[in-house]
Amino acid sequence: MYVPKESQPKQGGTAAKGRDGEKGGKRKIVAQNKKARHDYAIIDTYEAGLVLTGTEVKSLREGRTSLSDGFVQIDRGEAWLHNAHIPEYHQGSWTNHSARRKRKLLLHREEIDKLESKAQETGHTIVPLALYFKDGRAKAEIALARGKKEYDKRQTLREQQDRRESDRAIAAAKRKQRA
């Protein structure tokens with residue numbers, strides 16, 4: 001059946017937009033920093049763009065990266081991601097990047113100022129939580145965080161274990177009810 005071109009849905013446009021008219025592309029997560037969620041109490045999260053070279057993007061698309069030692073530092077009004085390990089691209093040549101170089105984060109001025117003032121408070125730091133692609137662009141989820149004490153970590157693990165046990169009990173009761 002022939003459908004006139006005017007009545008066919010356009011590519012992109014409103015079909016690609018999410019709720020409330022915002023651009024809401026899918027997130028393809030490349031790396032997560034689970035250690036940060038365990039070691040820190042997350043206060044606030046931000047999405048930042050990354051300034052990368054071509055071989056870094058190709059290496060990220062292969063999904064071989066690590067954020068476990070990474071941290072964010074604000075220097076002269078610019079946010080920098082340090083110690084994030086993006087390995088060299090195996091098909092790269094002399095244009096390859098160094099694996100642990102510092103990378104610039106793209107944030108709004110107000111966000112940088114807010115992060116800088118909060119990070120100077122005692123016990124606060126800025127940590128990367130995830131690297132992902134959104135609408136074809138590399139993004140980093142960073143968080144303002146406060147370090148947890150050892151007893152806080154144990155309490156969090158205990159709560160997670162209790163939640164898992166209750167979920168299992170509920171699932172078992174539902175299975176028993178169906179049978």
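Across the range 58-78, the number of residues qualifying as within 17 Å of Leu106 (Cα to Cα) and in contact with a Phe, Trp or Tyr (Cβ under 9 Å, 6 or more places away or on another chain) comes to 3.
So that you can scan it fast, the table gives a plain yes or no per residue for (1) modelled with pLDDT under 85; (2) assigned to a strand (DSSP E or B):
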{"position": "Ser93", "(1), (2)": "yes, no"}
{"position": "Arg100", "(1), (2)": "yes, no"}
{"position": "Lys104", "(1), (2)": "no, yes"}
{"position": "Leu115", "(1), (2)": "no, no"}
{"position": "Leu129", "(1), (2)": "no, yes"}
{"position": "Phe133", "(1), (2)": "no, yes"}
{"position": "Asp152", "(1), (2)": "yes, no"}
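Scanning the range 46-61 for residues that are more than 14 Å from Ala140 (Cβ to Cβ) and at pLDDT 80 or above yields a count of 1. The set of residues from the range 114-138 being over 12 Å from Ile43 (Cα atoms), surrounded by 13 or more Cβ atoms within 10 Å (Cβ to Cβ) and touching a residue at least 60 places away in the same chain (Cβ under 8 Å) comprises Pro128, Leu129, Ala130, Leu131, Tyr132, Phe133, Lys134, Arg137, Ala138. Look through the range 58-85, keep the residues that are among the charged types (D, E, K, R) and farther than 23 Å from Leu115 by Cα, and return whichever of them is least open to solvent (accessible area, probe 1.4 Å). By that ranking, first place goes to Glu62. Under the condition of being without any contact (Cβ under 8 Å) to a residue 12 or more places away in the chain and part of a strand (DSSP E or B), the residues counted in the range 52-85 number 1.
The values are calculated or read from the model by the stated rules, or taken from the named source; none is laboratory data. No experiment lies behind these values; they were computed from the predicted model shown. Quick reminder, even Gly has a Cβ in these numbers, built from the backbone with ideal geometry, and neighbours come from all protein chains shown. The accessibility values were calculated without ligands, DNA or RNA, using every heavy atom of the protein model including side chains. Shrake-Rupley method; radii C 1.70, N 1.55, O 1.52, S 1.80 Å.
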